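So the structure is just underneath, and the comments pick up after that.
The values are calculated or read from the model by the stated rules, or taken from the named source; none is laboratory data. Just so it is clear, the structure is predicted and the values come from calculations on it, not from any experiment. As a convention, Cβ positions derive from the backbone with ideal geometry for all residues, glycine included, and neighbour counts pool all protein chains shown.
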2 protein chains.
Amino acid sequence: MNQAGITDPAPRSLLFLALDLVDGTQRRTVDRMLADWSRAIEPATRGKPDAPELTGLDTTGLTMTIGVGPGLPGRLGLTAPKELAPIPPFPGDRLRPTLCGGDLAVQICSNDPLVSLQAAQVLTRLSQGVLTIRWRLPGFTQPGPSTPRNAFGFKDGTGNPRTAADISDAVWISEGPWRHGTFLVVRRITMDVQRFATLPAQRQEAVIGSRRDTGAPLTGHAEFDEVDLFAKNADGTYVLPVDAHNRRAHARFDGGRQMVRRGFTYTSGNDETGLLFLAFMKDPGLFTRVQTRLVEQDALNGFIQHIGSAVFLMLPGTGDGAVLRLPG
Amino acid sequence: MNQAGITDPAPRSLLFLALDLVDGTQRRTVDRMLADWSRAIEPATRGKPDAPELTGLDTTGLTMTIGVGPGLPGRLGLTAPKELAPIPPFPGDRLRPTLCGGDLAVQICSNDPLVSLQAAQVLTRLSQGVLTIRWRLPGFTQPGPSTPRNAFGFKDGTGNPRTAADISDAVWISEGPWRHGTFLVVRRITMDVQRFATLPAQRQEAVIGSRRDTGAPLTGHAEFDEVDLFAKNADGTYVLPVDAHNRRAHARFDGGRQMVRRGFTYTSGNDETGLLFLAFMKDPGLFTRVQTRLVEQDALNGFIQHIGSAVFLMLPGTGDGAVLRLPG
């Protein structure tokens, strides 16, 4: 438990919960709750639900992934890597405090949003008096094997590491009590889909840096062709424009260091549509470096706003039948 | 177009839009917009999307279903059945005006919430200056053939008409310019899932009137066994309790008259979970009669609240390649 929700391709449905710890709660209470959660949900992740809320549902593909926020180690006396610290503010952020942070993160994914919702109900039932909901967001994506599209209509995630070795190398902390844990950076990003949709297709492709139909980079022909950052047109301009999102975000500027992004489209209220950007990485400093480049220059900036932000240290996974507990 | 979204089993994903007409808009403008919508969406409903927003998506199963609210005929000079009138208030309603009503309804259903969202973006693009969004709600259900479950964990929809003849008889208006149209009653119903979940299974089953695991009525053994309203226990009480939801809502009290319910579970904000109750019927008076019985006595009332309400007269469908237009 915990690892499939990080390294597997994202399934259809997400329910993300950011929870706050009730004041005065002890570490042993949190560990007891995590054990209760594990025992209630773990059978369902193997397709054998036994919590009453999950009666009659096909829970194949269910995952539950847990992490702790920067405020928790100090309160519970945990040892955590120094990298567990709030993401610094960026110029242009429009963060709303009620959509940011959290002491504990729960990522619930499944192939059926009702399964995700009912699993969340199990967790809420088992954490009364211990946790309150700080923010909650459901999202969806397209199950693989194809790269899913986002609300701008473009494939999103083509640049992710693809081999098991590259994924492991990108995400898992390699030593100490949090070995086989990882960091999750969450950003709630609104998208002005109506205005983006009015751009001609060629302009959209210049903003993103890839073809709308195939997902191929502007310098290539197929989706997974390597991006050529230096290819030029006859007039001396770059084929991949200097402000294209996929250029600015390219891993080559980070010495090849990668994160695993599992973004989910969401809608809220009458007019908000966006991406819940979830990125797993062994050091959240990578996100900060990439985001610094994007904020400086990115043709996409005119069409998106970051309104929520959080970082969590994700617990190492357990085998079947074992229960999650706080390390460190 | 328009009819599959009423008579087919509900697919995975719903996006419901209630729209208001910009003041001064003429009927011919609405008809032109409906024609634009039809031409943009109808190919996608046949699995052949050509709107740019739908590039690369599998639109199989997409339906778009349109209706008009009670305020529209007077403003546009339409002739409409006199039954098109606001649903009367009921004791216990907790309606919020911003979640009620609308001049125009669009029900978008598909197997992929991104398809529903992108289809809505097409409609919004083609109705700028004509319509504004009054309220919008995404929902989900479980695709058939099994009866889907709701957020209380019970099968919901077992009592629907099941043969094509019974469905047709329940929904289609039989004469006049709105022949082959129908009425849609929409209720946004919040559900106190946490409190319901604390009830023992037997008490939950007494509240609903059916078995949690199989959906069978308390008087039978299999889901579609006929409900016996008069079966008694040895102590003289009814097997199906007098205040069980499924007794109070039973069609026998309406002379067998039925509606077609396609309910979708939704979540909103940090703590709202509920059912977007969509019911199609040839006379909305049927809903009013059933709801009057439920408000009077229904064990479920302690666990739900109606916070949104609307009624729409749904346009008769068209064949492939034809465009929707306002009748009457």
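Taking the range B:184-210 as the range and being in contact with a strand residue (DSSP E or B) (Cβ under 8 Å, 6 or more places away or on another chain) and not in a strand (DSSP E or B) as the test, the residues that pass are B:Asp192, B:Val193, B:Gly209. No other residue among A:Gly67, A:Gly144, A:Gly61 is in contact with a Ser or Thr (Cβ under 6 Å, 6 or more places away or on another chain) and among the small types (Gly, Ala, Ser) apart from A:Gly61.
Can you confirm whether A:Gly92 is among the small types (Gly, Ala, Ser), away from chain B (no Cβ under 14 Å) and more than 17 Å from the chain's Cα centre (by Cα)? Yes: the conditions hold for A:Gly92. Given the criteria exposed (fewer than 15 other Cβ atoms within 10 Å of the Cβ) and either within 14 Å of chain B (Cβ to nearest Cβ) or of a type outside the set (Val, Ile, Thr) (or both), does A:Gly321 qualify? Yes, satisfied. Beta carbons closer than 6 Å, at least 6 apart along the sequence or on distinct chains, pair a first residue in the range A:130-149 that is facing chain B (nearest Cβ under 9 Å) and over 17 Å from A:Cys109 (Cβ atoms) with a second that is surrounded by 19 or more Cβ atoms within 10 Å (Cβ to Cβ) and among the small types (Gly, Ala, Ser) for A:Arg134/A:Ala18; A:Arg134/A:Gly102; A:Trp135/A:Ala18.
Can you confirm whether the range B:231-248 contains a residue that is aromatic (Phe, Trp, Tyr) and in contact with a Phe, Trp or Tyr (Cβ under 9 Å, 6 or more places away or on another chain)? Yes, that holds for at least one residue.
Under the condition of being β-branched (Val, Ile, Thr) and outside any loop (DSSP other than H, G, I, E, B), which residue from the range B:145-183 is surrounded by the fewest Cβ atoms within 10 Å (Cβ to Cβ)?
So the residue we want is B:Ile167.
Does A:Thr124 meet the test of being in a helix (DSSP H, G or I) and either at the interface with chain B (Cβ under 8 Å from one of its Cβ atoms) or of a type in the set (Val, Ile, Thr) (or both)? For A:Thr124, the condition - in a helix (DSSP H, G or I) and either at the interface with chain B (Cβ under 8 Å from one of its Cβ atoms) or of a type in the set (Val, Ile, Thr) (or both) - is met. The residue list A:Ala105, A:Ala80 contains one member that is on the phi < 0 side of the Ramachandran plot, more than 14 Å from chain B (Cβ to nearest Cβ), in contact with a Pro (Cβ under 8 Å, 6 or more places away or on another chain) and of a type outside the set (Ser, Thr, Tyr), which is A:Ala80. Summed over the range B:214-237, residues that are surrounded by 19 or more Cβ atoms within 10 Å (Cβ to Cβ) and within 14 Å of chain A (Cβ to nearest Cβ) total 2. Evaluation of B:Gly157 against the conditions (1) within 15 Å of the chain's Cα centre (by Cα); (2) more than 14 Å from chain A (Cβ to nearest Cβ); (3) at positive phi shows that the sole unmet condition is (2).
Look through A:Asp58, A:Asp50, A:Asp112 and report the one residue that is within 13 Å of another protein chain (Cβ to nearest Cβ) and free of Cβ contacts under 8 Å to residues at least 12 places away in the same chain.
A:Asp50
Kindly indicate the residue of the range B:282-300 that is part of a loop (DSSP other than H, G, I, E, B) and in contact (Cβ under 8 Å) with a residue 60 or more places away in the chain and also farthest from B:Gly181 (Cα to Cα) among those meeting that condition. Per the stated criteria, the residue is B:Pro284.
Got a number for residues in the range B:260-274 being under 19 Å from B:Ile87 (Cα atoms) and either over 10 Å from the mean Cα position of the chain (by Cα) or within 10 Å of chain A (Cβ to nearest Cβ) (or both)?
0
Per-residue answers, yes or no, for (1) crowded, with 21+ Cβ neighbours inside 10 Å; (2) more than 22 Å from the chain's Cα centre (by Cα); (3) more than 26 Å from B:Ser268 (Cβ to Cβ); (4) at pLDDT 95 or above:
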residue: B:Thr7; (1), (2), (3), (4): no, no, yes, no
residue: B:Ala18; (1), (2), (3), (4): yes, no, no, yes
residue: B:Asp23; (1), (2), (3), (4): no, yes, yes, yes
residue: B:Arg28; (1), (2), (3), (4): no, yes, yes, yes
residue: B:Ser38; (1), (2), (3), (4): yes, no, yes, yes
residue: B:Thr45; (1), (2), (3), (4): yes, no, yes, no
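Is the range B:163-172 home to any residue that is acidic (Asp, Glu), in contact with a Pro (Cβ under 8 Å, 6 or more places away or on another chain), modelled with pLDDT of 95 or more and more than 27 Å from B:Gly101 (Cβ to Cβ)? There is at least one residue in the range B:163-172 that is acidic (Asp, Glu), in contact with a Pro (Cβ under 8 Å, 6 or more places away or on another chain), modelled with pLDDT of 95 or more and more than 27 Å from B:Gly101 (Cβ to Cβ). If the condition is being farther than 27 Å from B:Gln3 by Cα, crowded, with 21+ Cβ neighbours inside 10 Å, in contact with a strand residue (DSSP E or B) (Cβ under 7 Å, 6 or more places away or on another chain) and aliphatic (A, V, I, L, M), then the range B:238-294 contributes only B:Leu240.
Residue-level check: of (1) within 27 Å of A:Ala85 (Cα to Cα); (2) touching a Leu at 6+ places or on another chain (Cβ under 7 Å); (3) not aliphatic (A, V, I, L, M), A:Pro161 misses just (2).
Does at least one position in the range A:271-287 carry a residue that is of a type in the set (Ser, Thr, Tyr) and in contact with a Leu (Cβ under 6 Å, 6 or more places away or on another chain)? No, the range A:271-287 has no match at all. The residues in the range A:47-67 that are surrounded by fewer than 18 Cβ atoms within 10 Å (Cβ to Cβ) and either among the polar types (S, T, N, Q) or closer than 25 Å to A:Phe312 by Cβ (or both) can be counted, and the count is 2. If you go through the range A:301-320 and pick out every residue that is part of a helix (DSSP H, G or I) and touching a strand residue (DSSP E or B) at 6+ places or on another chain (Cβ under 9 Å), you end up with 1. Does A:Ala251 count as of a type in the set (A, V, I, L, M, F, W, C) and under 21 Å from A:Gln291 (Cβ atoms)? The answer is yes for A:Ala251.
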